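Input: a single structure, listed below in structure tokens.
The values are calculated or read from the model by the stated rules, or taken from the named source; none is laboratory data. Computed from a predicted model, the values in this text were never measured in an experiment. Quick reminder, even Gly has a Cβ in these numbers, built from the backbone with ideal geometry, and neighbours come from all protein chains shown. The accessibility values were calculated without ligands, DNA or RNA, using every heavy atom of the protein model including side chains. Shrake-Rupley method; radii C 1.70, N 1.55, O 1.52, S 1.80 Å.
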Amino acid sequence: MSTAQKIKVGAAQFSSEIGDVDANIDRHLHWIARGHEAGLDFLVLPELSLTGHYGPDRLLTAAMTRTDPRLMQLAEAAGPMAVSVGFIEEGPAAQFYNAAAVLKDGKLVHLHRKVNLPTYGKLEEGKHYASGRFVETFGLAGRWTAGLLICADVWNPALTHLAFLQGATLLTCPVSSGIEAVGADFDNPAGWALTCRFYAMMYGAPVIMANRTGTEHDLHFWGGSRIIDPFGKELAVAGTEAELITAELDYDVVRHARHLLPTVRDSNIALVLRETQRLVETLGIPDFVRENH
């Protein structure tokens, strides 16, 4: 394991059995064991890793509460290594969420509910899930603080900005990206490569992206998981098959990148708040209504 200054991180990409949590638990235990063998401090698994992308096909049997014994089993297996897993969370009052849990030392230490639910192309998440309402961060070793956003969340730059404003020094992105998900004219693999490098360079922070592999119904998942350094350099990039990639991250590199390009420091939060409040009162309101008030 690492010092507080340097941490070793990994992303595991693999396929999941649609809606079969018990079968997928075994796969998670395999990759958690691989993470321990690699000496990882933080292992990121794909979006909805416990249910598959089309988990909602069996939503009522695949959904789990955050205290489900199977999650606790994975938390025990994780030990001192933080592990991000994806699942369908059943919250209070039978509300269902596309969620990611960070497990460590036998406990659930962080939970993110996907905020930006895509309803375009072949994606119908708004049909199945309630939207999350918070963007938070969680502590890793030493000065490392992670922001966790799920897939389409990072295609809303405001959500990524919120994570970094809260002190994130590392961005974690579990995704479920199929070649055909958006449409024939949209290059998903190239889009993710560009997006990950952009956020890393812009905010001076490493990015870990973990995608799935295999085929589910009409979607082919291309893998391509990656770990990017704070200057936008690719440290590790996976192929198209099941694989674990790893990299060592050094906090001194974050400090250097943020000294050269102080995006977080120069963000004018008061201006953003003021202009957002103004837009809430005016955006989408017809001109004649605004002119008469």
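Scanning region 115-146 for residues that are farther than 22 Å from residue 60 by Cα and either of a type in the set (Lys, Arg) or not in a loop (DSSP other than H, G, I, E, B) (or both) yields a total of 7. Checked against (1) modelled with pLDDT of 95 or more; (2) closer than 21 Å to residue 64 by Cα, residue 177 passes all but a single condition, namely (2). Do the conditions hold for residue 143, that is, is it under 18 Å from the mean Cα position of the chain (by Cα), open to solvent by 30 Å² or more (accessible area, probe 1.4 Å) and of a type outside the set (Asp, Glu)? Answer is no for this residue.
Taking region 146-173 as the range and being among the aliphatic types (A, V, I, L, M) and within 19 Å of residue 109 (Cβ to Cβ) as the test, the residues that pass are 146, 148, 149, 150, 163, 168, 170, 171. Selection of region 225-244 for residues being within 13 Å of residue 14 (Cβ to Cβ) and buried (at least 22 other Cβ atoms within 10 Å of the Cβ) yields 225, 238.
Inside region 114-127, residues that are closer than 15 Å to residue 66 by Cβ and surrounded by fewer than 19 Cβ atoms within 10 Å (Cβ to Cβ) make up a count of 0. Would you please list the contacts, defined by Cβ atoms under 6 Å and residues six or more apart or on different chains, that run from a residue in region 67-86 that is more than 18 Å from residue 172 (Cα to Cα) to a residue that is assigned to a helix (DSSP H, G or I) and open to solvent by 40 Å² or more (accessible area, probe 1.4 Å)? Once the first residue is more than 18 Å from residue 172 (Cα to Cα) and sits in region 67-86, its partners that are assigned to a helix (DSSP H, G or I) and open to solvent by 40 Å² or more (accessible area, probe 1.4 Å) give 77/29. Taken together, the criteria exclude residue 207 from residues that are modelled with pLDDT under 95 and either at positive phi or open to solvent by less than 70 Å² (accessible area, probe 1.4 Å) (or both). Being part of a strand (DSSP E or B) and either open to solvent by 40 Å² or more (accessible area, probe 1.4 Å) or of a type in the set (Lys, Arg) (or both) is the filter here; which residues of region 1-40 pass it? Those that are part of a strand (DSSP E or B) and either open to solvent by 40 Å² or more (accessible area, probe 1.4 Å) or of a type in the set (Lys, Arg) (or both): 6, 8. When restricted to residues that are open to solvent by 60 Å² or more (accessible area, probe 1.4 Å) and either within 26 Å of residue 186 (Cα to Cα) or assigned to a strand (DSSP E or B) (or both), region 82-112 contains 5.
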